[in-house]
Structure formats: C-alpha cells, structure tokens
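Below is one structure, written out as structure tokens, with a few remarks after it.
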C-alpha cells in the first residue's frame, strides 16, 4: 500500500460525496462527448449505484477520489473508473493508484484494461505513460490495456 493514499470500502453514506465527485471530475469529458443533462446524469448515477464495488481514495484522512475495479474476463482486471477530485489532480495520486492497480494485477498474472473517452486527452496520456496501449478505437473512446509483461526468454 502506498504512503500517499489509502483505500477504504465505499458505503451508502458515500453516495452524495461520490455523485459530487463524479460531476466535478467527469463532467467536462461527458459534456464534450454527449452533452450534459443534470437530471439524466443524476438518474443514471442513481440507477447504477452500488457501493460494493467502489473504493474511496483518501489522502491524510480526506476523501478525495474513487476507484472502481471489475473483472469481466478471467485474465484481466477492468479499471472501470478512477476519479480524483479536481482540487487533488496533478499531484501524482491518480498515477500512484493506477501503478498500484497494475502492479497488483500483474503479480496475480492479470492484464489491466480500461476505456477512456477521446474527449479526455490528459487521461489518455497518463495511461500511455503508465504502459497502456490502445487495442481498439471506438467512436467516442479508446480501449486500452496494460498487458502482463512478456516473460518468455
């Protein structure tokens, strides 16, 4: 575990924090991709709410972000979502969280996959710096993978 951050399981009590975080961190990319409708976004978030697969990212005891990992395929972890409050972005926290996710997955013999909106070039550059490569390009997003290192000699 990192010294920069800790993770704790999300609970139903985190709903308001996580919705506000979602709006603050992802609105610009969603707005540029599909447009933003407050009522739709609130209902969309509510309809998919499940704290069981979310972790709160904390720095010095302050909740500053969220990590959501899933396993759609047996050979890969899917980084479904990482959100860092804009006031804490650019400090290396997201980088460290993602590096830890990749390291843990690779130790377990798993790839890490994710999708990133084309309207979020900063996130795409971060993922590329961390070793992700584009495996598919869709209309609105890139599919990327941090593949398990090749250990063949």
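So here's what we get for this one:
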| item | result |
| --- | --- |
| Where labels lie 7 Å past Cα in the beta-carbon direction, separation of residue 34 and residue 62 in nm | 3.1 |
| Inter-label distance for residue 73 and residue 140, nm, one decimal - labels placed 7 Å from Cα along Cα-to-Cβ | 2.3 |
| Which of 37, 50, 63 has the fewest Cβ neighbours within 10 Å, and the rest in rising order | 50, 37, 63 |
| Degrees, to the nearest 10: 38-47 long Cα axis against longest axis of the chain | 60 |
| Tensor-based shape of region 21-68 (alpha-carbon gyration tensor, a/c under 1.5 rounded, otherwise prolate or oblate) | oblate |
| Cα gyration tensor, region 89-153 - rounded (a/c under 1.5), prolate or oblate | oblate |
| Fluctuation leader among 99, 73, 141 - the chain, Gaussian network, Cα springs under 10 angstrom | 73 |
| Sorted by Cβ neighbour density within 10 Å, fewest at the top, the residues 144, 4 | 4, 144 |
| From the coordinates shown, Rg/Rh (Cα atoms, Kirkwood Rh) corresponds to which of (i) 0.95; (ii) 1.02; (iii) 1.05 | (i) |
| C-alpha long axis of helix 93-107 to longest principal axis of the chain, angle in ° | 40 |
| Cβ-based exposure ranking for 114, 130, in which fewest neighbours within 10 Å come first | 130, 114 |
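No lab work stands behind these numbers, since they all come straight from the coordinates. Nothing here was measured: the structure is a model prediction, and the numbers come from that model. Here the Cβ is made from the backbone with ideal geometry for all residues, glycine too, and neighbour counts use every protein chain on show.
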